[in-house]
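J.: Submitted below is the structure of interest, expressed as structure tokens.
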2 protein chains.
Amino acid sequence: MSVLVQNREVLEWISEEYHGMNGSHVETLQAAPSPLEFSRICHISRPVLIKGYTIPKLRQWSDSYLSGRMNESLISVAVTPDGYADAIASGPDGKKYFVEPHVSQMTMASLLRNLNATGDAGPEAYYLQSQNGNLFSSAYFDQEVEDTQSELHPLRDDVPAEIPWCSEALGRHPDAVNLWIGNGQSVTSIHSDPYENIYHVVRGRKTFLLLPPTEGWCLEERLYPHAIYSRPDASSPLVAVPSPSDTPPIRWSSITHPERPGSLPPQAHPICISVSAGETLYLPAGWWHHVRQSDDITIALNWWYDIEPRGMAWIWLNLLRGIGNVPPANDVDEDVAQDDHRHRTAHPIP
Amino acid sequence: MSVLVQNREVLEWISEEYHGMNGSHVETLQAAPSPLEFSRICHISRPVLIKGYTIPKLRQWSDSYLSGRMNESLISVAVTPDGYADAIASGPDGKKYFVEPHVSQMTMASLLRNLNATGDAGPEAYYLQSQNGNLFSSAYFDQEVEDTQSELHPLRDDVPAEIPWCSEALGRHPDAVNLWIGNGQSVTSIHSDPYENIYHVVRGRKTFLLLPPTEGWCLEERLYPHAIYSRPDASSPLVAVPSPSDTPPIRWSSITHPERPGSLPPQAHPICISVSAGETLYLPAGWWHHVRQSDDITIALNWWYDIEPRGMAWIWLNLLRGIGNVPPANDVDEDVAQDDHRHRTAHPIP
């Protein structure tokens, strides 16, 4: 019996037991949890939809308010031909690549105009999704000083740097706080992050398709060569340009449309959660998520908190990803794997 | 590669990673934790020694006070030839058995007299360890009525039915509250329970040897035939009497003296914690423990709380026990395994 088959059996057993114990239940709270309640929730590590947590200053976030606050400051916006940033797409040679978006600098007014004009302005999709702590980064919390490097600095007055009931429950500050602005064109391909995530929708609606960490093996990860969208010349359409051949391949799910019926194996139990304006999703560390947005402008904030390093959580997430087999995509032999490019590397089983 | 070797590799990887992340650190608190602090501690699921949690009424628990309160009531006491109740011992045929103690009914005064007279009274060891919720059982919490069935009912006034910071953290009542009275003769063989455990020492001192759930494979569990100590006639010494052959075998560690150097493999990282009178140990669910006591009378209380059924904890504990190979002891072919006889059955990987 090969190593691969044996490990697959262990993974299938774990996911079946997990689903048997937990089902597909998602709890909904009508008010923000207390720190103790949220500590218990993190222990269980299942998604929770929180309806009663509002952030008053965000009510004023109209297009004109945001454009006025940001004024002529330039912000980094992901531009893609199809709305899929950080996703699998075909390169010029017909092979599949993990393609990062083209990044364009523009004003907030210009971004919002582009998002409102979808269809008129051409096929390209714009998405503010820099997700590098674009509002508050760990430097802010480490240094307890105003790090004015943030492109979105003028919006900080409206956004709490941390979620009080989450910080108190976990006993730590966030690692990064991000603003996301897009429309129905933008889709986030399915992936998981090793962070506890508080996701708050300000305008519009986000639809999450979720899988527990135990069902990651259903997503058929592969190793993809890396590419970046760019324009051969300033007026050209975007094309995926392969990165230099010594760029490490990216480990990513080969299931590009998990929301389509039949795309996942029967052992997967996807959970669909719609998060509307004013609602908050607790997305536990290691949960796989695919995210779509309503057609109108959708604005969201997220607070990433480091996972608890003590105990078993980190080991289990590594086990669930580490004992799976990750073959190369395109039938190309790729020896060197790189984990999700933005995140810490999982330690594979030797 | 056989299934056994493959699973052993997974277990070795898990235990090495777990030790790498956590070391052998045991936190000590100088005061009882708040419910939120204890919720975080349970999430981490590592032992914590709590020095500042006192239960005032227990200060009066002298021999004469206990004998007076219990008066002529009879209590069930475990009697063994060597102090090992629920442990591996040789039967009359020279084979190894899992042997339950003889249970003798006696007054508290008689028990305490026997414990004080060790050496004078003969080689047999007495240990009040009925561990069936002998102070408060789940029936007490479920029914919210006084279930006067408890043999130790007269002592209930002195013992809190629950630990407030633990019940509030976990959001539930205990499943069982037990009194333990023994002396240096009595040893608890190494095993694990699927319960969160709060262990409070009232008199004397207990020494725990602990292994995390990830190192259970180091304990070389085997399937043992079952036996019970009894006397061929009233004045005879105790002998292990094998149970009927259709009694399911018991899964138990074959390492009877893990405290002796060299008895555990080098991949095991035992933690030794001494808990003195007035101190409390949080022993997380699934942690393996071997317990010795000081020579003088040692009195302890424990509160067992059900493990959180949601999330991953239960699955992981089952995985860690379920993918190991458990051969029969005595080279006898035993097909049917029974889990720790007092506890819920783990679901083996099919």
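The values are calculated or read from the model by the stated rules, or taken from the named source; none is laboratory data. None of the values given here were measured: they were computed from a predicted structure. As a convention, Cβ positions derive from the backbone with ideal geometry for all residues, glycine included, and neighbour counts pool all protein chains shown.
J.: Would you check which residues across segment A:195-215 are away from every other protein chain (no Cβ under 13 Å) and within 20 Å of A:CYS42 (Cα to Cα) and list them?
T.: A:TYR195, A:ASN197, A:ILE198, A:TYR199, A:HIS200, A:PHE208, A:LEU209, A:LEU210, A:LEU211, listed by residue number.
J.: Here is a further query. Please specify each residue of segment A:231-253 satisfying the condition of being of a type in the set (Ser, Thr, Tyr) and at pLDDT 95 or above.
T.: Hits for segment A:231-253 are A:SER243, A:THR247, A:SER253.
J.: A follow-up question, please. Select from segment B:293-312 the residues that are among the charged types (D, E, K, R) and assigned to a loop (DSSP other than H, G, I, E, B) and write down the one among them that is farthest from B:LEU49 (Cα to Cα).
T.: B:ARG310
J.: If you don't mind, another one. Taking A:GLN30 as the residue in question, decide whether it is touching a Gly at 6+ places or on another chain (Cβ under 6 Å), surrounded by fewer than 17 Cβ atoms within 10 Å (Cβ to Cβ) and not β-branched (Val, Ile, Thr).
T.: Considered against the rule, which asks whether it is touching a Gly at 6+ places or on another chain (Cβ under 6 Å), surrounded by fewer than 17 Cβ atoms within 10 Å (Cβ to Cβ) and not β-branched (Val, Ile, Thr), A:GLN30 comes out as yes.
J.: If you don't mind, there's one more thing I want to ask. Is segment A:168-189 home to any residue that is crowded, with 21+ Cβ neighbours inside 10 Å and within 14 Å of another protein chain (Cβ to nearest Cβ)?
T.: For segment A:168-189, residues crowded, with 21+ Cβ neighbours inside 10 Å and within 14 Å of another protein chain (Cβ to nearest Cβ): present.
J.: Identify, from the list A:SER263, A:SER274, the residue that is at pLDDT 95 or above, assigned to a strand (DSSP E or B) and surrounded by fewer than 21 Cβ atoms within 10 Å (Cβ to Cβ). Explain how you work it out, then say what you get.
T.: Values: A:SER263 fails: assigned to a strand (DSSP E or B).
The match here is A:SER274.
J.: Does segment B:203-221 include one or more residues that are within 21 Å of the chain's Cα centre (by Cα), modelled with pLDDT of 95 or more, among the β-branched types (Val, Ile, Thr) and in a loop (DSSP other than H, G, I, E, B)?
T.: no
J.: Name the single residue, out of those in segment A:296-350 being under 21 Å from A:LEU219 (Cβ atoms) and charged (D, E, K, R), that is modelled with the lowest pLDDT.
T.: A:ARG344
J.: When A:PRO92 is evaluated against the numbered criteria (1) at pLDDT 95 or above; (2) away from every other protein chain (no Cβ under 14 Å), which criterion, by number, is the only one it fails?
T.: (1) is the only condition that A:PRO92 fails.
J.: Give the residue that is farthest from the chain's Cα centre (by Cα), with candidates limited to residues of segment B:288-330 that are under 25 Å from B:PRO160 (Cα atoms) and among the aromatic types (Phe, Trp, Tyr).
T.: B:TYR305
J.: Looking at segment B:286-324, which of its residues are within 21 Å of B:ALA169 (Cα to Cα), of a type outside the set (D, E, K, R) and away from chain A (no Cβ under 12 Å)?
T.: Within segment B:286-324, B:LEU301, B:ASN302, B:TRP303, B:TRP304, B:TYR305 meet the criteria.
J.: Can A:HIS226 be described as out of contact with any strand residue (DSSP E or B) (no Cβ under 6 Å at 6 or more places or on another chain) and either surrounded by 18 or more Cβ atoms within 10 Å (Cβ to Cβ) or not polar (S, T, N, Q) (or both)?
T.: So A:HIS226 does not fit the description; no.
J.: Here's a follow-up. Which residue pairs have Cβ atoms closer than 6 Å, lie 6 or more positions apart in sequence or on different chains, and pair a first residue in segment A:33-62 that is within 14 Å of chain B (Cβ to nearest Cβ) with a second residue that is modelled with pLDDT of 95 or more and surrounded by fewer than 15 Cβ atoms within 10 Å (Cβ to Cβ)?
T.: Pairs that qualify, where the first residue is within 14 Å of chain B (Cβ to nearest Cβ) and the partner is modelled with pLDDT of 95 or more and surrounded by fewer than 15 Cβ atoms within 10 Å (Cβ to Cβ), are A:VAL48/A:GLU27.
J.: Among the residues of segment B:154-170, are any assigned to a strand (DSSP E or B) and of a type in the set (D, E, K, R)?
T.: Looking only at segment B:154-170, we keep the residues that are assigned to a strand (DSSP E or B), and these are none.
The answer is no; no qualifying residue exists.
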